[in-house]
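In what follows, a single structure is set out as structure tokens and then discussed.
The values are calculated or read from the model by the stated rules, or taken from the named source; none is laboratory data. This one's a predicted model, so the numbers in the text were calculated from it and none came from an experiment. Don't worry about glycine lacking a Cβ; one is built from the backbone with ideal geometry, like all the others, and counts go over all protein chains shown. Side chains included, ligands, DNA and RNA excluded: accessible areas come from the protein's heavy atoms. Shrake-Rupley method; radii C 1.70, N 1.55, O 1.52, S 1.80 Å.
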Amino acid sequence: MTLLAEAELQSFVLLRLGDRRFAVAAKEIAELVAPSRVFRFPHHTQEIEGVILRRGRIVPVCDVAEKLIERKLTSRRFYLIAQRRYAAQNEWIAIPVSGECELIHAEMTPPSESDAPHVAGWLAHAGDVIEVLNLAALTPGPGAQHRAGSAATPPGALQPQEARR
Amino acid sequence: MRPVLPSKPQPLRSEQIILFRAGGQLFAISSASVQEVRSIDSVTSSGKIVSHPDIPKVQHFVQRGEASLYVVNAAMHFALPPTTPALVFVLRRTRTALLVDGIERMANITRLQALPLSFCHEERDWYRGLTALDQSVIPVIKPEGFLTADELFALDATMLQSGAKDSVGAQSAAADAQLGTMTTLSDSDVDDAPADPPDFASGDNPDPGVPQ
């Protein structure tokens with residue numbers, strides 16, 4: 001392998017959702033953890049099923065299986081903790097996966113115009129062609145305008161801290 | 001040569017919260033946001049019935065001193081299973097009183113995490129943030145998030161039509177004036193001293209664990 005070819009290789013984490021495998025750029029992955037208790041409370045963001053506590057942080061759990069394989073996962077082996085980029089900051093999200101994850105080095109083919117927005121590119125690996133996921137397009141984030149205002153928040157109240165990374 | 005003195009660690013700021021249940025779900029609210037805690041009887045006996053087809057979560061209107069308040073059923077607001085509310089929180093600096101199942105306990109928190117940006121719908125108006133308490137995660141509600149300006153307008157119109165014109169009109173103006181004053185405060189004006197704790201109405205408090 002030439003130096004040029006090595007330079008074009010990137011690291012990806014392969015994840016399994018049901019029978020299919022997908023990839024996420026390794027630089028966007030924080031860790032792989034065992035499933036823990038999901039805390040649920042009322043909200044209207046369908047893709048988010050609740051939050052988990054991880055290293056003192058509150059991390060939303062985002063099940064992307066329904067979007068990618070058109071059914072919910074029946075069994076969860078791990079949560080892949082990934083960084084989700086927003087305009088001004090990054091936040092952790094937990095993605096349930098149904099099997100082991102694998103770190104690989106491969107060359108990514110850029111997406112074509114006909115690919116869905118959540119496709120960041122394509123990998124050829126072990127005889128499979130694998131979608132590289134664009135988490136920013138796949139998982140929910142701000143878009144709608146929300147009312148500002150905290151007139152009734154009491155003086156001296158704690159200000160929420162952004163969950164930055 | 002002067003010795004370098006170690007900087008004094010800043011004491012952790014804390015905030016007192018009330019943990020309460022509505023529709024069976026645990027929520028938290030800053031105790032400084034709650035002006036009074038009353039039994040539901042005080043609402044049903046003295047309140048007027050309000051009926052707006054698009055706002056079923058509000059069924060009562062009460063006059064508390066100079067303030068006119070719409071009573072919001074918290075379980076209905078959050079689309080939770082219906083339960084039998086027992087208490088009413090009168091929320092400061094809003095025109096809202098909140099029907100809740102009951103108070104779980106009070107606690108102090110030192111950290112409030114912003115609602116993750118993945119939550120991107122109405123819940124951003126409902127919650128100030130999330131807090132981790134006793135290995136559990138509890139949403140901390142935003143007192144002003146129960147009724148939008150449009151909902152208040154529609155409810156006021158309903159009350160005007162039902163003949164409570166003078167009361168509602170005067171109180172809307174008073175409440176708007178109060179909110180206007182509050183929004184003009186700058187950060188430097190905000191007093192760090194904790195606001196008065198809620199007034200637990202004597203004789204009406206069904207929870208023996210809560211001080212009266």
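Which length gain, in nm to one decimal place, applies between B:T148 and B:D54 when the Cα-Cα distance is subtracted from 0.36 nm times their residue separation?
Values: separation 94, 0.36 × 94 = 33.84 nm, distance 1.25 nm.
Gain on stretching B:T148 to B:D54: 32.6 nm.
Leaving out ligands and nucleic acids, note down the accessible area per residue over segment A:3-138 with a 1.4 angstrom probe, in whole Å².
Values: 6870 Å² over 136 residues.
Per residue, segment A:3-138 has 50 Å² of solvent-accessible surface.
Taking a ≥ b ≥ c as the square roots of the eigenvalues of the Cα gyration tensor of segment B:84-142, is the shape rounded (a/c under 1.5), prolate (a/b larger than b/c) or oblate?
oblate
If you take the accessible area of B alone plus A alone and subtract the pair, what total do you get in square angstrom, rounded to 100, with a 1.4 Å probe? Intermediate values should be presented prior to the final figure.
Values: alone 12610 and 10720 Å², together 19340 Å².
Interface area, both chains combined: 4000 Å², rounded to the nearest 100.
Of all the accessible heavy-atom surface of segment B:1-97, with the other protein chains kept in place and a 1.4 Å probe, what percent is carbon and sulfur? Percent of accessible area from carbon and sulfur atoms in segment B:1-97: 56. Binning at 5 Å from 0, report for segment A:3-138 what percent of all alpha-carbon pair distances ends up in each bin. Here the calculated profile for segment A:3-138 is 2, 9, 20, 23, 22, 13, 7, 3, 1, 0, 0. Calculate the FRET efficiency for B:K8 and B:S39 from the Cβ-Cβ distance with a Förster distance of 56 Å, rounded to the nearest 0.05. Efficiency at R0 = 56 Å is approximately 0.75.
Residues of segment B:122-155 that bury at least 50 Å² of accessible area when the other protein chains are present, relative to the chain alone (probe 1.4 Å, heavy atoms, ligands and nucleic acids excluded): B:D125, B:R128, B:V137, B:E144. Note on A:E100 and A:A126: the model spin-label points, each 7 Å out from Cα along the C-beta direction, lie 0.8 nm apart. Sorting the segments B:90-97, B:7-14, A:68-75, A:104-111 by their residues' average number of neighbouring beta-carbon atoms within 10 angstrom, most packed first, yields B:90-97, A:104-111, A:68-75, B:7-14.
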